Amino acid sequence: MDVLSSLADLRAARLSLNGTVGLVPTMGYLHEGHLSLVSRAKAENQHVIVTIFVNPTQFGANEDLSKYPRDLERDLSLLRPLGVDLVWTPTAEVMYPPGYQTWVEVEALTSPLEGAMRPGHFRGVTTVVAKLFNATQPTKAYFGQKDAQQAAVIRRMAVDLNFPLEVIICPTTREADGLAMSSRNKYLSESERKGATVLFRALSAAKALYEGGERDAEKLRRKMKEVLVSEPLAQMQYVSCADYDSLQELDAVTGKALLSMAVYFGKTRLIDNFVLG
Ligand code: AMP
């Protein structure tokens, strides 16, 4: 497994890979969720590239960039047994050299939900992912459903900018009690960690209503809120029942829909979602 940080080294190594290449972009501090993407990439491609880069441009001024968890040696030891060919760990200077002024923006899809709560976040995400696509030239690129809006935005960008690759969205990996795996779970205290199952419980309760025939989106949102307020350590930021493709809030669920939410536990912000239909 080659571990490289310069762009020149990455390009040279990429040129030596013949056949299909699966790309898994990450910010590191890897968990089973990331590794499930790597395993899928390995199963579907002749070669796998993993990138580890905590992308400063997708963090807001008051977000957790400086304390985002990092442990490169641990990440590499998790990747080695999976048969990864190449790990690229560019520095911020490699990705954003002095004088940098070029940005990729997806419009309407980035307005609601995470885009509304985290201004500029998706501009950072799409810019860095476009640069990772250019640098690694993958056949297929793997992203998690855990970040549902990010997945939708990247799929749109890949189509709109004619990237010659397939975007593959992989299911959310969860802890035994339903909590979606996330590098940010590490921030949770013991009591917050216990309470954090409330996201899964709220989504499950709304899904159960839906499966019982409920199609009023407001009732599904209300059910999620009702469960969230039952957890004293949880502070809801938003709940949503939106059209799966446009991400616009629904009145009635008629086709595929996305239930999603963002919830604070102290300073830790967790997101999760379920797809309906
Ligand atoms: P991150 O390192 O948080 O930027 O995540 C890198 C990739 O892993 C993104 O495509 C995420 O959506 C995906 N991912 C993160 N957590 C999970 C999870 N629990 N299950 C599946 N994919 C995930």
Every pair of residues 6+ apart whose Cβ atoms lie under 7 Å, when the first sits in the range 103-114 and is more than 21 Å from Val239 (Cβ to Cβ) while the second is open to solvent by 30 Å² or more (accessible area, probe 1.4 Å): Trp103/Arg123; Glu105/Arg123; Val106/Arg156
Number of the exception - Asp147 against (1) within 14 Å of the ligand (Cβ to nearest atom); (2) of a type in the set (D, E, K, R); (3) over 23 Å from Leu203 (Cα atoms): (3)
Residue check, Gly19 in contact with a strand residue (DSSP E or B) (Cβ under 8 Å, 6 or more places away or on another chain), in contact (Cβ under 8 Å) with a residue 40 or more places away in the chain and either open to solvent by 30 Å² or more (accessible area, probe 1.4 Å) or not in a strand (DSSP E or B) (or both): no
Elements of type helices (runs of 4 or more DSSP H) contained in the range 22-113, each with 3 or more residues being touching a Cys at 6+ places or on another chain (Cβ under 9 Å) and within 11 Å of the ligand (Cβ to nearest atom): 32-44
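Let's see how each residue does on (1) closer than 30 Å to Leu65 by Cα; (2) surrounded by fewer than 21 Cβ atoms within 10 Å (Cβ to Cβ):
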| site | (1), (2) |
| --- | --- |
| Ala196 | yes, no |
| Phe200 | yes, yes |
| Leu203 | yes, no |
| Arg215 | no, yes |
| Lys219 | no, yes |
| Lys223 | no, no |
| Glu231 | yes, yes |
| Met236 | yes, yes |
| Gly255 | no, yes |
Index of the failed condition, Asn162 passing every other in (1) on the phi < 0 side of the Ramachandran plot; (2) without any contact (Cβ under 8 Å) to a residue 24 or more places away in the chain: (1)
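To keep it simple, each residue is scored yes or no on (1) in contact with a Phe, Trp or Tyr (Cβ under 7 Å, 6 or more places away or on another chain); (2) closer than 18 Å to Gly33 by Cα; (3) of a type outside the set (A, V, I, L, M, F, W, C).
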{"position": "Ile154", "(1), (2), (3)": "yes, no, no"}
{"position": "Ala158", "(1), (2), (3)": "no, no, no"}
{"position": "Ser191", "(1), (2), (3)": "no, no, yes"}
{"position": "Lys194", "(1), (2), (3)": "no, no, yes"}
{"position": "Ala202", "(1), (2), (3)": "no, no, no"}
{"position": "Lys207", "(1), (2), (3)": "yes, no, yes"}
{"position": "Tyr210", "(1), (2), (3)": "no, no, yes"}
{"position": "Glu218", "(1), (2), (3)": "no, no, yes"}
{"position": "Val229", "(1), (2), (3)": "no, no, no"}
Matching residues in the range 157-204 - criterion: being within 14 Å of the ligand (Cβ to nearest atom) and among the aliphatic types (A, V, I, L, M): Met157, Ala158, Val167, Ile168, Ile169, Ala176, Leu179, Ala180, Met181, Ala196, Leu199, Leu203
Selection within the range 1-16 - touching a Ser or Thr at 6+ places or on another chain (Cβ under 8 Å) and either among the small types (Gly, Ala, Ser) or not in a strand (DSSP E or B) (or both): Ser5, Leu10, Arg14
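The values are calculated or read from the model by the stated rules, or taken from the named source; none is laboratory data. Being a predicted model, the structure only gives us computed values, none of them experimental. Cβ sites come from the backbone with ideal geometry, for glycine too, and all protein chains shown count toward neighbours. These area figures cover heavy atoms from the full protein model, side chains too; ligands, DNA and RNA do not enter into them. Shrake-Rupley method; radii C 1.70, N 1.55, O 1.52, S 1.80 Å.
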